[in-house]
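First up is the structure itself, then whatever we jot down about it.
Just so you know, all these numbers are worked out from the coordinates, no wet-lab data involved. Treat the numbers as computed from the prediction; the structure is a model and nothing was measured. We place every Cβ from the backbone using ideal geometry, glycine too, and count neighbours over all the protein chains shown.
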C-alpha cells in the first residue's frame, strides 16, 4: 500500500495529519530566529597586540616577526597577513575550511605564550578574536550634540550603554569616541631631578604600595575568618599622600595627581558635529528584529531623560532593517508570483476549485518549511529567504502534474477513486524523480564544508529542499484526496485555445520526427548557436553595483596633530553641506586620526534619488576644496563593501617597495578604464631617533638599555595596577606632564638618573636625528608587501586584469621582488572553479538518480541534454536583456539544472509507459508529447512567472547585498528555452538515441549469430 492509497482509504486521518502540520508549522514559524546572516564560523583569527607610543618598525621587529615565526608551525595554516603600525600589531591568520577555530585559537595562544620572553617586557597583553557572523554588530549608532561630550563617559555609560546591555537578547555594547576617566600621575621633570627620583624605581614602588592579597584563614571563638592584607589606593588623594622618599617626600610633591581623560588620537563627526559611536551586539540565536525593536524602544525612553536632552542618537546601520526589507521584498515578489501562477493555472485548468487545490501547495510548503527550520535549529536569514524566494514558483509543479493526470484519467475510468489512484501511479515516479533531481544538485553543498560558498549555499539549499519535499508530500496525499472528492471536469467537444495548441503541437511534432536530417540539423544548430551570445554577453563574475554611499579619502601625506586634521575635515564637510540638496546628501559621517581621515557621504534613498552616483561624484569633485595636508579622492565600494581591484608588490625592503609601487601607479595612470589608481604606500612620518652614546653612558655607569627604558617610560607613560572604586575599575597612568614632552627640546631635557643621588639631562648621553619612517608595514605570508588599489570605470574585472597584469610583468624587479594578485583574485578563481565542479557533479548525480529510477541508461541520456539547451537559453536571454553574466548567474544555472530535467522526466516517463502498454514507438512519442504538453507548459509558466518580479526588480539580498536578478534571469531564460526544447527537440533526441540502441542491438545479434 503506497502513501496515496493510504490517504484515499483514510481521508479523515490524512486531513488531521495535514492540519497538524499546518498548526505546528505556524506555531514553530513564529519562533524561528530572524537573523541578517546565519551563524557561520570563518576558519580565521585576528591577533591584536597593543603597544602604545611605538613605531611601525619597532612593532614589526619586536612583536610581529617573533609571533609570525611562532605560529607558522601550526598545522592547517593557509595564510598569515600582518600589519605593523603605530601603537599595535595586527596579525590575521586563516586556516583550512572545516577547521575547529576554537581549538586553533588555543594553539595560537600557546604559541604566543611560548615566545613571550622574546616580546617587549612592557607589552601588557594580546587579544585573539575569532570570526563569526555574530561578531558583526547588529546595530551601529552615532551620538552627537551641540554640547561637549568629550568628558561624558559616565553619563553615556550610565544612561545609554548599561541600559541597552540589560535588554534581553543583547550580548554586549561597545561605546567609543569618549573614554573613561583615569587617574593620571603627571610628573614634573624639574622636581624629579631635584629629588633624584628614578622613574623606573618609582613605578615599582607604586606597584608595591597598591595591593590586595589573600593570606589564608584564622579561627577565633569557633568562627573562621579570611585574612586579606590590603593596601589599595582608590582615589587620587590616596596616591597624593603616598610617601615615596626620605624626609617624608610625598608623591604630590613631585607630581600633579587627579582624574583625567586618556589622550585621544582620533575623532568622529556626524552632520558637522563631534560624534560618539555605539555598537550593539546580539546574543547568538536571538531574533535580530525583535532585539532591534527592543533597543529602539529603549532609545526612545532614553531620549526623554532630562540628562540626555540635546543629545541626538542617529541610527547609522541596522541589520533588522535589511531583514525587514528582504522579507517585504520576498512577500511582494512571492505574492505577485503567486497571483501570476494562479492565473496561469486557471487559464489551463479552467476550474476555480482545481486551481485552489493546486495553489494550496504553496502556503502549505512554506509553512512546513519555516516550522522545520525551527526544529532544525536554523534561522530565517537573507540566505534562507533567497531559497524561499526561488522555491515559490516551483512548489506547484508536482501538484500540477498530479492533478492534470488525475483529471485525464477520470475521463477514461468511471470510478473516481480508481481513476485517482491510477492517475497518481502513472506520474508518481516522474514527480518523485523530478523532485530528487532538483534536490540532488545541492548535495555537494550540503555535505561539504570545504569553502564559504558551500557553507552559504547550504542555507539556500536547505529551504528549497524542505519546501520541495513538503510539496511532494502534499501532491501525493492531500491533493489526490481533494481532487477525488470534486466533480471531474466535463469533457467538451468545444475546443479552447489550449486544445487548439495541443493539436497544432501534435502536427508540428510529427512533421519534425518524420524529418531526421532536419531535426538533427536543428539540434546541432541550437547547441552551436550558443557561441554567438557567449561572445557578445558581458561576463564579470563579481561585478560591483553602485551603492548610495560614497567614501571620500583624505590621503594625508604625513602625521599631523589631531586639531589640524579636524580643520581639513570640517572644511570639506562645510563644502558638502553647502551643496546638500544638489548632491542629494542625507548625512555625512567622518572619522579622522593623525595619519588618516575619511568621510562617508550617505546619499538619499533610491526612491527619492534624481541623479546616479557617478554624476554626483563628478559634481562633488568639480569644486572640491584642496587641502594642504593631503589629496582628496573617492574610493568606490561595491555592495559587499569590498574594493574594486587590489594587487601587491612584494619583497623585503619597505623603502624599495614604495619606489616600485610609485612606478606601477605611474604606468597605470594612463590606462583607459582605470580610475583612482593609488598606492597604499603611505609616505610615512618623520620620527626622532634617539641615539645613545655608548661611551658616555658607560662612563656614567648606566647601560643603553636603561637610557632607552627611561626615555620610553617618560614619553610613553607607565600603566600601573588598576584601582577599583565606585565607578568600577579605573586605569592609573604614570607619565611626565604633557607640557614637558611636546617638543624635541623637552625630549632632550629629560632627567636620566645615574645613581648616587645624581641625574643628568638626556642630551648628556645621547644625540638625535630626524628621519622618515613608514606609517605601517604590511606582510603577507611572512613577506613584506605593499598594496595598490584601482577603481574601474565602465570595464569589467576581467578586462581590467587583461590591461593591468601585462604592464606589471614589464617592470624590471630586483632579485627577490615581484607582484602578486593577492587573495581576492585567488578566492574569486577558487569560487568559480568550485561552482564548475559542483555543476559537473550535479550533472553526474542527476544522471545517477534518473538511471536508478528508470532502470535505463537511454532515458537519462536523452533527458540530460535538457541541461545543455537550458544553458544555451541562459546566454541568449542574457544577450537580449543586456544582463552581465556573474557569479549569481552561475548559482542560477546550478538551480536550473535540477529544474529543467523535470519536464523531460515527465515526458519521457509517459512515452515509456505508452510503449510498454503496446503502442508503437512513433505513436507513443507523439501521444506522450500531446498528453504532457499541458502540464509541462503549466509548470514552466508558474515557475517563470513566480520569478518574473525578481527578473525586472532591483531586489537585493539583505536589502543591500548582490541583486537577485542575474540568478532569476538565468532560471527564467534557461527554463523558457528548455521548455521549447523539451516539447520539440527532446522527442527527436529520444528517437535518435533509440535508433542508435536498435542499431547496437542488431550489431550485437549479428555478432552472436556468427
Check your understanding: Which whole number of Å³ per residue matches the convex hull of the alpha-carbon atoms in segment 220-376?
Key -> 354
**Study point:** Segment residue 130-residue 96, extension gain: residue separation times 0.36 nm, minus the distance between their alpha carbons
**Key:** 10.8 nm
Review point. Taking segment 694-765 on its own, what percent of its Cα-Cα pair distances exceed 16 Å?
Key: 56
Revision key, fill the gap. For the chain, the longest principal axis of the Cα atoms and the Cα long axis of helix 11-29 enclose an angle in degrees, to the nearest 10, of 20
Study note, to complete from the structure: Subtracting the Cα-Cα distance of residue 148 and residue 704 from 0.36 nm times their residue separation yields 195.7 nm
Review point. Using only the Cα atoms, what convex hull volume per residue in Å³ does segment 880-925 have?
Key: 84
Review point. Given a Förster distance of 56 angstrom, what is the FRET efficiency for residue 106 paired with residue 2, based on the Cβ-Cβ distance and rounded to 0.05?
Key: 0.55
**Study point:** Debye equation applied to the C-alpha atoms of segment 342-481, log10 I(q)/I(0) at 0.12, 0.17 Å⁻¹
**Key:** -0.52, -0.90
Exercise for review: Determine the principal axes of the Cα atoms in segment 240-323, then give the extent along each, sorted from largest to smallest and rounded to whole angstroms.
Suggested key: 69, 35, 28
Check your understanding: Between residue 602 and residue 73, what is the label-to-label distance in nm when each label sits 7 Å out along the Cα-to-Cβ direction?
Key -> 5.0
Review point. Helix 562-578 versus the longest principal axis of the chain: what is the Cα-based angle in degrees, 0 to 90, to the nearest 10?
Key: 40
Review point. Once the Cβ-Cβ distance between residue 261 and residue 155 is put in as r, and R0 is 22 Å, what FRET efficiency do you end up with, to the nearest 0.05?
Key: 0.95
**Study point:** When segment 833-966 is reduced to its Cα atoms, the Kirkwood hydrodynamic radius in Å
**Key:** 16.7
Check your understanding: Relative to the first principal axis of the alpha-carbon coordinates of the chain, what is the inclination of helix 613-622, with its axis defined by its Cα atoms, in degrees from 0 to 90 and to the nearest 10?
Key -> 30
Review point. When the gyration tensor of segment 156-293 is built from Cα positions, what are the square roots of 5 times its three eigenvalues, in whole Å, from largest to smallest?
Key: 41, 29, 11
Study note, to complete from the structure: With bins of 10 Å, the percent of all Cα-Cα pairs of segment 38-135 per bin from 0 is 16, 50, 27, 7, 0
Review point. Among 743, 979, 437, what is the fewest-to-most ranking by other Cβ atoms within 10 Å?
Key: 743, 979, 437
Point to revise | Per-pair calculated FRET efficiency, R0 = 51 Å: residue 122 and residue 273 via Cβ, rounded to 0.05 | key: 0.85
Point to revise | Principal axes of segment 107-148: Cα extent on each, largest first, Å | key: 49, 31, 7
Check your understanding: Mind ordering 982-994, 861-873 by average Cβ neighbours within 10 Å, highest first?
Key -> 861-873, 982-994
Check your understanding: Using a basic spin-label model with each label point 7 Å from the Cα along Cα→Cβ, how many nm lie between residue 414 and residue 837?
Key -> 6.3
Exercise for review: For residue 586 paired with residue 996, estimate the spin-label separation in nm (one decimal), with each label point 7 Å from Cα along the Cα-to-Cβ line.
Suggested key: 5.7
Practice item. For segment 114-187, report the translational diffusion coefficient in µm²/s to the nearest whole number, using Stokes-Einstein at 25 °C, 0.890 mPa s, and a Kirkwood Rh over Cα pairs. Key: 152
Study note, to complete from the structure: Diffusion coefficient in µm²/s returned for the chain by Stokes-Einstein, Kirkwood Rh over C-alpha pairs, 10 °C and 1.306 mPa s, is 47
Review point. Using only helices, what value at 222 nm comes out for the chain when you add -39,500 (n - 2.57) per DSSP H run of length 4 or more and divide by the total residues, to the nearest 500 deg cm²/dmol?
Key: -16500 deg cm²/dmol
**Study point:** Packing rank of 622-633, 36-47, where each peptide gets the mean count of other beta carbons within 10 Å, highest leading
**Key:** 36-47, 622-633
Practice item. Which order do the peptides 186-193, 848-855, 550-557 take when ranked by the mean count of other beta-carbon atoms within 10 Å per residue, highest first? Key: 550-557, 186-193, 848-855
Exercise for review: Give the distance, in whole Å, between the Cα centre of segment 833-862 and the Cα centre of segment 252-266.
Suggested key: 73
**Study point:** Theoretical gain in end-to-end length, residue 293 to residue 227 [0.36 nm per residue, Cα-Cα removed]
**Key:** 18.8 nm
